[in-house]
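First comes the structure, then the notes that go with it.
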There are 2 protein chains.
Amino acid sequence: MQRKNFLSQVKLFRHLSSLTTDDGPYVKPYVKTAVPGPLSIEKIAKLNEISHNSTAHFVADYANSHGNYLADVDGNVYLDVLLQISSIPLGYNHPALVEAMSSPLVTNMMINRPALGMLPAQETYDMLQESLMRVRPKGMDYLQTMMCGSCSVENALKAAMIKYRADQRGTPIPTDLELDSCMRQEAPGMPDLCFLTFTSAFHGRTLGALSLTRSKAIHKVDIPGFKWPCAKFPELKYPLTDHVTKNKEEEARCLEDVRQKIVESNEKGLYVAGAIIEPIQSEGGDNHASPEFFQGLQSILTEFNAAFVVDEVQTGGGATGKFWAHEHWDLPTPPDILTFSKKMLSGGYFCKKDFLPEQGYRIFNTWMGDPARLVLLKAVFDVMERDGLLERTRKSGDKLLEGLGGLEQKYPDIIQDVRGVGTFCSFSCPTAAMRDKLSSQARKHGLENGGNGNRSIRFRPALIFTESHAQIAVDILEKAVLDL
Amino acid sequence: MQRKNFLSQVKLFRHLSSLTTDDGPYVKPYVKTAVPGPLSIEKIAKLNEISHNSTAHFVADYANSHGNYLADVDGNVYLDVLLQISSIPLGYNHPALVEAMSSPLVTNMMINRPALGMLPAQETYDMLQESLMRVRPKGMDYLQTMMCGSCSVENALKAAMIKYRADQRGTPIPTDLELDSCMRQEAPGMPDLCFLTFTSAFHGRTLGALSLTRSKAIHKVDIPGFKWPCAKFPELKYPLTDHVTKNKEEEARCLEDVRQKIVESNEKGLYVAGAIIEPIQSEGGDNHASPEFFQGLQSILTEFNAAFVVDEVQTGGGATGKFWAHEHWDLPTPPDILTFSKKMLSGGYFCKKDFLPEQGYRIFNTWMGDPARLVLLKAVFDVMERDGLLERTRKSGDKLLEGLGGLEQKYPDIIQDVRGVGTFCSFSCPTAAMRDKLSSQARKHGLENGGNGNRSIRFRPALIFTESHAQIAVDILEKAVLDL
């Protein structure tokens, strides 16, 4: 009986704690100055004396930010649906992370940072098991840690290319001629291999990753790149449920384009070692495709022995209501490589065993990850499980979509193409100028947000975002719409 | 009088503290098992179940490592002259870093990690001034923070290319045609620009950086790269003082090669936007060149409006006895860009104002650095100043060179070409096989070390390395030589 009481109290506590939002003292946004405010402007001017800061929204006061609310130096408080470009899983100053920071292991790994490829720590295996390996995608049992999204993508490409060449030559061991010629940037050691990418894709900004990125010209112009093929990503009509037939036709055309691009490239001797794709194209404007499209893509890639690399740097970590967005696809067999970063606090990729190079020093660098962040990531996953944050994300995502849908009905000349999975939502405006205006007005009303694509606004709230936050966001957007 | 006593006590304390080595309980190495020991082997086998670990020396016990001494899980203790590939400036568990970790700012920046390009923190300016800006090279007043060496190099290339194109077109603003064509990986938006590199260079392993890396085939084979020009790095004879004339001739030939490579490349329309070079080629085998060589290089690059990028990822941070290795060159004007990482705890580059792009989002990514590490870096610089670690490094480097020189005289068939500046020292063996054997034997005697180039061993001790550590290292090497 006593135990039963205890359990029901635990249950009640869990229920209450799942309702709390960890927002500290904040219950709604509060903006009392222009945005950016005078102190932000002053501090940005100081920063401009030593670095480039034209892209700063304002200057943040992180110590006074809590949960879903971001404070700035002028005393303004914003409901944050951008969350440092989708990279703070539990919002600001989450108590579980404050506590995790007191672990001696954090200090140990920060001040004795290992070169993991040479000198792993005695704690490394357990740290990986308690953090990243808990969320390994089914069938992808191997892991390479890295530090950021771009280097995760760069190294995933390398792993796929090493595997492709091993298959081509029938052995993972390079020939002497290959070892010799690669030092002169010549074939066969430096092979004519490429990666297939998609229109509007974003995979990072280092020179390999940037060659795969096709979202915005200002990211690419004046920088050399690899002349690799690019297939058309589906341009679907929203809501998806109202345009099933048209969308299916568009996806079929795009899959045919994939096949054609691979055949053309292989025929001219520039072999396609793999394709990389985002489950929802994020920087490129929240472009969706159906599970059938991704299944079809996997099937074509398999046919050509090309690796299927899923870039979950932005979609991974729970925002779509499943931990990995590709879990929505019901694939017959797992992807070959999955890249991650952002909400995962550091970077890396999961892969099938075939994509682990047999020889050392092929995928290697000084740090090969950032172990201190694994201690925090363990705490993130503990909270996600304890508080049922995937379920919460599905619910608050539904609420957000419903609210945005309501705005689309009321203001169809301003809010269009509302779309999303979980809280990974967005909508478009008719023009870039209108989007920029709306985004800026919404910020003035206390919604820290960010655009993507040419004319969309994306929602990337924390996993602790609730239905009531969704309502506040929608209300602010409506105010901003009325300002236009 | 009282004040005088106090001051002399402070002086005495400072003197004593400059003699302490922060090595905790350790006074010498102690190896009681095979290397790797049984527990290391067991733990590496576990790690192999989820990742690739063929390059692990052994499994470290970082909590029990102190100062210059690295402990392993089998209870062995090594004098560490590799220090996580040259990346731990003050050795293991330095008390000043333990203390710095208790700063609320570390917790703040770890758990509320800013997307610095969009939302700098109110502390950002002061944090930069108290850490990186304290060591900015003369005449390089601007800073872009990054996270690792490879991404620092990749972004330095981009900054140099953006500047070169702005000069070519006479304005930093790209044309519509350029913006349009770059999205199809076509000229003029994706320009025919290249970077000049040098034989045996190492600049990282992402695809842009890897194109500049010419040190080892296993790093490059099977990976596509840019077909950029490569000039010959001087192959000098050591000791430098005994071969002045021959070495001058070699450097003159290499400078002529630089000029010829630039002319050839520019003539065929692949314009050389810059050259990147290490002050001492590190991964490539500790290859030195004279100040006059670098002065000559700068002069040629200036003539062709090509950026002079100095890669101090490994040489920077004090190991050569000056904070930056290029300070040894007495250049008439500063380099254009300087990349750093490793001992600087995170990454980035310093540059002249011309190399800061005028428009936003051109040099950009989610995190753009790792502010928590700046708090630790401030503590590193405080200790370096308090304890006079540059001076200590010069002294212990002299001692190390003298000891290695003695071994070269005694064992000229095994220890050759002893060379170095500060503690940034190395020597070569006649063959790779002998080097590998010697390195492994030295580790068994308690010297954690690493090879570089084809047949060299490099010293990359911490800045707290003293003359007595140098003596221990030399004594162990002699034991290892006698084992051969």
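Sort B:I50, B:I457 so the one with the fewest other Cβ atoms within 10 Å of its own Cβ comes first.
Arranged by neighbour count, lowest to highest, B:I50, B:I457 become B:I50, B:I457.
Just want the answer: with Cβ charges of +1 for Lys and Arg and -1 for Asp and Glu, which residue in B:L407, B:T333, B:L463 is farthest toward the dipole's positive end in the protein assembly as shown?
It is B:L463.
Considering only the range A:105-383, what is the antiparallel percent among its DSSP beta bridges, to the nearest 5?
Among the beta bridges of the range A:105-383, antiparallel pairing accounts for roughly 45 percent.
Hull surface divided by four, with the convex hull built on the Cα atoms of the range B:304-396: how many nm²?
Mean orientational projected area (the range B:304-396, Cα hull): 7.7 nm².
Which one of A:A275, A:N112, A:L179 is farthest out on the positive end of the charge dipole of the range A:105-383, using unit charges on Cβ (Lys, Arg +1; Asp, Glu -1) and the Cα centre as origin?
A:N112
In the range A:72-218, how does Rg compare with the Kirkwood Rh, expressed as the Rg/Rh ratio over alpha carbon atoms?
1.05
Going through the range A:383-419, which GluC sites (Glu not before Pro) have at most 15 other Cβ atoms within 10 Å and a DSSP loop state?
none
Using Cβ counts within 10 Å as a stand-in for footprinting exposure, how do B:T466, A:T423, B:T33 rank, fewest first?
B:T33, B:T466, A:T423
B:E99 versus A:D382, label points 7 Å from Cα toward the beta carbon: distance in nm?
The answer from the label model is 3.0 nm.
Quick one: divide the alpha-carbon radius of gyration of chain B by 2.2 N^0.38 Å and tell me what you get.
1.01
Which value, in debye to the nearest 20, gives the size of the charge dipole of the protein assembly as shown about its Cα centre, when Lys and Arg are +1 and Asp and Glu are -1 at the Cβ?
1080
Cα centroids of the range B:356-431 and the range A:405-431: how far apart, whole angstrom?
55
Per 20 Å bin, what percent of the C-alpha pairs of the protein assembly as shown does each bin hold, from zero upward?
Pair shares across the bins are 14, 46, 33, 7, 0.
Before anything else, pin down the relative contact order of the range B:293-404: Cα pairs under 8 Å, at least 6 apart, normalised by residue count, whole percent.
23
So, counting K/R as plus one and D/E as minus one, what does the shell of residues with Cβ under 13 Å around A:V244 add up to?
-2
What full-extension length gain, to one decimal in nm, is calculated for B:N454 and B:E292 as 0.36 nm per residue of separation minus the Cα-Cα distance?
Fully extending the segment from B:N454 to B:E292 adds 55.7 nm.
Report the extension gain between A:E186 and A:K138 in nm, rounded to one decimal, defined as 0.36 nm multiplied by the number of residues separating them, less their alpha carbon distance.
Once the chain is fully extended between A:E186 and A:K138, it gains 13.4 nm.
Considering the convex hull of the alpha carbon atoms of the range B:105-384, report its projected area averaged over all viewing directions, in nm², one decimal.
15.9
How large, in Å, is the range B:24-79 by the Kirkwood hydrodynamic radius built from its alpha-carbon pairs?
11.7
With N denoting the number of residues in the range B:125-174, provide Rg(C-alpha) divided by 2.2 N^0.38 Å, to two decimal places.
Working it through for the range B:125-174, the quotient is 1.41.
With n ≥ 4 as the cut-off for DSSP H runs, can you work out [θ] at 222 nm for chain B, using -39500 (n - 2.57) per run divided by the number of residues, rounded to the nearest 500?
Mean residue ellipticity, 222 nm, calculated: -13000 deg cm²/dmol.
Among bridges DSSP assigns within chain B, what percent are antiparallel (round to 5)?
65
Rg and Dmax of the range A:30-145, using alpha carbons, in Å: what are they?
Answer for the range A:30-145, Rg first and Dmax second: 19.2, 53 Å.
Points 7 angstrom from Cα along the Cβ direction at B:A34 and B:Y411: gap in nanometres?
2.3
With +1 on each Lys and Arg Cβ and -1 on each Asp and Glu Cβ, and nothing else charged, work out how big the dipole of the range B:105-384 is about its Cα centre, in Debye to the nearest 20.
Value, rounded to 20: 420 debye.
Given DSSP loops and a limit of at most 14 other Cβ atoms within 10 Å, what is the longest stretch of chain A that contains no such trypsin sites (Lys or Arg not before Pro)?
A:269-484
Nearest 10 degrees, 0 to 90: what angle lies between the long axis of helix B:432-444 and the longest principal axis of chain B (Cα atoms)?
Between the helix axis and the principal axis of chain B, the angle is about 40 degrees.
Give me the distance in nm between label points sitting 7 Å out from Cα along the Cα-to-Cβ direction at B:E256 and A:D176, one decimal.
Going from the B:E256 label point to the A:D176 one covers 3.2 nm.
Could you tell me what percent of the DSSP beta bridges with both partners in the protein assembly as shown are antiparallel, to the nearest 5?
The antiparallel proportion sits near 65 percent.
Where a number appears in this text, it was derived from the coordinates with a stated rule and is not lab data. All values reported here derive from a predicted model rather than from experimental measurement. Using ideal geometry, Cβ is built from the backbone for each residue, glycine included, and neighbour counts are taken over all protein chains shown.
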